[in-house]
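See below for the structure under consideration.
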Amino acid sequence: MNASELSKLLCAHYNAPNRPIAWLLAKEIQAPQSSRRADLIAAPLTHSGGSGIIGHELKVTRADVQTELADPTKHDDWARYCDRWYLVVSDPALVDGLDIPEHWGIMAPPSGRRTRSMTILRKAPALSPVNTADAWMRLARWQTYRAHTQIAQAHTETNYARRQLEHANREINDLRRAQTAAVHPQMNRALDLIRAVEERRIDEKLWGLVDDNAIIDAVVDVTATRQAAETTRRMLDRIERDLADAFAGVADQIRRARRLGLQTQDVA
């Protein structure tokens, strides 16, 4: 487990997810009138949390714990304003056999049935802080600066998102225009087919409105016309045959006349 993961567990210990925030949690905050930092300062925001400030130092390796113990006064610039002070370790084994100052409490990640609350290996005793006004002023300034920073970042992200959205809208409009231009002939053909279908449907509707007697008369007229055409065709066929016979007789007479003419020439 790294320091970031341990810090998340500690924050969830004070502010449960999906519940109103009960603690102001200031990470890596400088002590009043000092350059020393605390890993996390927890300040209550509700009456149930009391008015005491709780300081925390996070360690994820045994070497880090030993370094902290080599100079236990490093945290005094913040601890003097705190009602309690905790050493928070990623594993209880990190403090096995080590001499931890009596005025430090010891926390470890949730264990057993605990899924959110940290395991209190040793409860921190109550301290006697000096006037905490400077500490609260420091926390107020830290929170104000953090809020302004977050607002500025939100504005930046919002402007970026707006530009991205505008760019995406332009691309979508370009794609729509390109798509419309590409399928324009097919769209026209589809519209023509739709119109043709509608016309056919209209014709069928009009045909359905015609009286049955009118339909019968139309059929009779068509039949009579076909019969007259057939009679005319037979008559024309007969005339054609008669003409063919007549022309054949004339042709025979012409051939006989030619033969007689030739015979007369021979006699002469």
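The values are calculated or read from the model by the stated rules, or taken from the named source; none is laboratory data. Since this is a predicted model, take the numbers as computed values, not measurements. FYI the Cβ positions are ideal-geometry reconstructions off the backbone, even for glycines, and counts take in every protein chain you see.
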Condition broken by Val88, with the remaining ones in (1) of a type in the set (A, V, I, L, M, F, W, C); (2) over 23 Å from Ala135 (Cα atoms); (3) surrounded by 15 or more Cβ atoms within 10 Å (Cβ to Cβ) satisfied: (2)
Identity of the residue in the range 100-155, touching a residue at least 40 places away in the same chain (Cβ under 8 Å) and among the small types (Gly, Ala, Ser), that ends up nearest to Val65 (Cα to Cα): Ala124
Inter-residue pairs, beta-carbon under 8 Å, first over 13 Å from Trp78 (Cβ atoms) and in the range 22-35, second aromatic (Phe, Trp, Tyr) and crowded, with 17+ Cβ neighbours inside 10 Å, 6+ apart: Ala22/Tyr14; Trp23/Tyr14; Leu25/Tyr14
Qualifying residue in the range 99-112 (condition: at pLDDT below 90 and either of a type in the set (A, V, I, L, M, F, W, C) or not in a strand (DSSP E or B) (or both)): yes
Conditions (1) in contact with a helix residue (DSSP H, G or I) (Cβ under 7 Å, 6 or more places away or on another chain); (2) closer than 23 Å to Pro129 by Cβ: number failed by Val95: (2)
All positions within the range 36-70 that are within 18 Å of Gly97 (Cα to Cα) and without any contact (Cβ under 8 Å) to a residue 40 or more places away in the chain: Lys59, Thr61, Arg62, Ala63, Asp64, Val65, Gln66, Thr67, Glu68, Leu69, Ala70
